[in-house]
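Here the structure comes first, spelled out in structure tokens, and everything after it is commentary.
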Amino acid sequence: MAGSKSYKIATIGSHSALQILKGAQQEGFSTIAICLKGRENVYRQFKVADKIMTIGSYKEIMDIQDSLIKEHAILVPHASLIEYVGLNNVEKFKVPYYGNKNILRFESDRDIEREWLANAGLKLPKIFNNPKDIDRAVIVKFHGAKGGKGYFLAKNEKDFKEKMKSHMTANNEQEKYVIQEYIVGVPMFIHYFYSPLTEELELMGFDKRYESNVDSLGRVSARDQIALPKIDPSYVIVGNIPIVVRESFLPLIMEMGENVIKESKKITKGGLWGPFCLETIMTPEQEIFTFEISARIVAGTNPYINGSPYTWLKYDEPMSTGRRIARDIKQAITAGQLSRVLG
Ligand code: AMP
């Protein structure tokens with residue numbers, strides 16, 4: 001089996017590519033950034049890409065598969081790959097792929113995702129299938145909503161119906177949505193890493209998202225919010241802020257991650273491995289509600305290119321999630337078990 005020198009780590013130039021490529025270089029890999037035309041400069045400037053391949057649209061990645069295979073590339077996925085190339089295409093992708101592709105379906109279908117998390121024993125916000133049943137604050141989320149744009153809060157059926165009026169499609173149909181209990185607390189995004197080689201769950205860090213405009217509404221007093229023309233909250237992510245969590249929460253947080261991994265092995269062959277994130281709200285009662293899982297690297301790990309407090313404790317060297325992925329691949333290659341980390 002060839003060493004990490006003959007394999008290259010490739011990823012799409014956006015989301016967490018700087019971190020993924022830098023981490024790969026730190027582990028001795030050559031790197032490839034697959035960039036949309038006009039976006040190459042960032043990857044050149046930070047010297048994280050040993051090679052840049054330019055494409056006209058994200059879907060064109062399907063047309064350069066043979067070149068990537070010739071380069072001995074291993075593709076590290078992130079949200080832009082799934083979102084812009086599409087699940088069906090990613091599933092058909094021939095280039096070696098880090099992670100378990102079988103888990104992607106579980107993450108992208110809200111119903112089976114919920115079943116997975118519920119079976120893992122996580123607390124989940126209640127779902128209201130019928131607006132008539134709304135008896136508390138709810139958040140209404142639209143399936144196609146880019147970055148939480150258009151989400152709204154409602155307190156009962158009447159309020160819901162009123163606010164829904166502006167969410168009709170061109171054919172006068174309602175956009176697809178889910179009505180979820182609104183958990184009052186603070187958002188906390190938990191970053192984990194699970195290696196199939198070590199079979200150990202690692203805590204990589206935490207972040208909260210900086211969302212426009214909801215994170216700024218508190219700067220407008222209630223009096224002004226009422227007086228000004230209607231301001232609707234939106235949840236469009238513009239950045240990520242690092243967090244260190246109260247230490248007494250850590251045992252529960254580890255247990256949650258371990259149960260998610262255990263359950264993933266029941267629902268699909270090999271289960272979930274690599275980086276993943278539980279998107280949670282922590283309440284004043286110290287309960288942790290999970291409203292979503294990302295079964296891959298999240299952009300919330302980007303503040304930790306030089307490692308987080310938690311990875312520093314474990315590794316005593318800078319260890320980003322991107323670097324941890326590269327190390328997993330390197331260790332698999334060294335052990336002659338590369339196929340164990342590819343999906
Ligand atoms: P999502 O599109 O599901 O990632 O949600 C976007 C944002 O809405 C999150 O980052 C949270 O700030 C907020 N949010 C989502 N679900 C809930 C919930 N059930 N309760 C409170 N806030 C939520």
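The values are calculated or read from the model by the stated rules, or taken from the named source; none is laboratory data. The model shown is predicted, which means the values in this text are computed figures rather than measured ones. Methodologically, a virtual Cβ is constructed for each residue, glycine included, from the backbone with ideal geometry; neighbour enumeration extends over all protein chains shown. Accessible surface areas use protein heavy atoms only, side chains included; no ligands, DNA or RNA. Shrake-Rupley method; radii C 1.70, N 1.55, O 1.52, S 1.80 Å.
Kindly provide the set of residues from the range 184-213 that are of a type outside the set (D, E, K, R), over 21 Å from Val260 (Cα atoms) and touching a residue at least 40 places away in the same chain (Cβ under 8 Å), ordered by number.
Val184, Gly185, Val186
Would you mention how many residues in the range 286-295 are assigned to a loop (DSSP other than H, G, I, E, B) and either at pLDDT below 95 or of a type in the set (Gly, Ala, Ser) (or both)?
Within the range 286-295, residues that are assigned to a loop (DSSP other than H, G, I, E, B) and either at pLDDT below 95 or of a type in the set (Gly, Ala, Ser) (or both) number 2.
Of all residues in the range 193-223 being more than 16 Å from the ligand (Cβ to nearest atom) and polar (S, T, N, Q), which is farthest from Glu255 (Cα to Cα)?
Top of the filtered list is Ser221.
If we keep just the residues of the range 268-285 that are more than 16 Å from the ligand (Cβ to nearest atom) and either out of contact with any helix residue (DSSP H, G or I) (no Cβ under 6 Å at 6 or more places or on another chain) or part of a strand (DSSP E or B) (or both), which is farthest from Lys22 (Cα to Cα)?
Applying the filter and picking the extreme gives Lys269.
Can you tell me which residue among Ile64, Ile74, Ile32 is at pLDDT 95 or above, over 24 Å from the mean Cα position of the chain (by Cα) and surrounded by 15 or more Cβ atoms within 10 Å (Cβ to Cβ)?
Result: Ile64 is the single residue among Ile64, Ile74, Ile32 that is at pLDDT 95 or above, over 24 Å from the mean Cα position of the chain (by Cα) and surrounded by 15 or more Cβ atoms within 10 Å (Cβ to Cβ).
Take Arg136 and tell me if it is basic (Lys, Arg) and within 16 Å of the ligand (Cβ to nearest atom).
Considered against the rule, which asks whether it is basic (Lys, Arg) and within 16 Å of the ligand (Cβ to nearest atom), Arg136 comes out as yes.
Taking the range 286-296 on its own, how many of its residues are away from the ligand (no atom under 13 Å from the Cβ) and surrounded by fewer than 18 Cβ atoms within 10 Å (Cβ to Cβ)?
Result for the range 286-296: 1.
Take the range 172-192 and flag every residue that is β-branched (Val, Ile, Thr), near the ligand (Cβ under 8 Å from one of its atoms) and open to solvent by less than 50 Å² (accessible area, probe 1.4 Å).
Scanning the range 172-192 gives a single hit, Ile183.
Mind checking which residues of the range 297-317 are in a loop (DSSP other than H, G, I, E, B) and more than 14 Å from the ligand (Cβ to nearest atom)?
If the condition is that a residue be in a loop (DSSP other than H, G, I, E, B) and more than 14 Å from the ligand (Cβ to nearest atom), then Ile297, Ile305, Asn306, Gly307, Ser308, Asp316, Glu317 are the ones that fit.
Being more than 15 Å from the ligand (Cβ to nearest atom) and either surrounded by fewer than 17 Cβ atoms within 10 Å (Cβ to Cβ) or among the aliphatic types (A, V, I, L, M) (or both) is the requirement here; does Gly121 meet it?
Judged against the criteria, Gly121 is a match.
Taking the options Ile333, Ile281, Ile325, Ile267, name whichever one is open to solvent by 50 Å² or more (accessible area, probe 1.4 Å) and out of contact with any Leu (no Cβ under 7 Å at 6 or more places or on another chain).
Testing whether each residue is open to solvent by 50 Å² or more (accessible area, probe 1.4 Å) and out of contact with any Leu (no Cβ under 7 Å at 6 or more places or on another chain) leaves just Ile267.
Inspect all residues belonging to the range 142-153 and state whether any of them is open to solvent by 60 Å² or more (accessible area, probe 1.4 Å), basic (Lys, Arg), within 12 Å of the ligand (Cβ to nearest atom) and closer than 18 Å to Leu278 by Cβ.
Within the range 142-153, none of the residues are open to solvent by 60 Å² or more (accessible area, probe 1.4 Å), basic (Lys, Arg), within 12 Å of the ligand (Cβ to nearest atom) and closer than 18 Å to Leu278 by Cβ.
Show the residue pairs meeting these rules: Cβ distance below 6 Å; 6+ apart or different chains; first residue within the range 308-323 and within 21 Å of Ile241 (Cβ to Cβ); second residue aliphatic (A, V, I, L, M) and surrounded by fewer than 24 Cβ atoms within 10 Å (Cβ to Cβ).
Qualifying pairs under 6 Å: Pro309/Val244; Tyr310/Leu203; Thr311/Met319; Ser320/Ile305.
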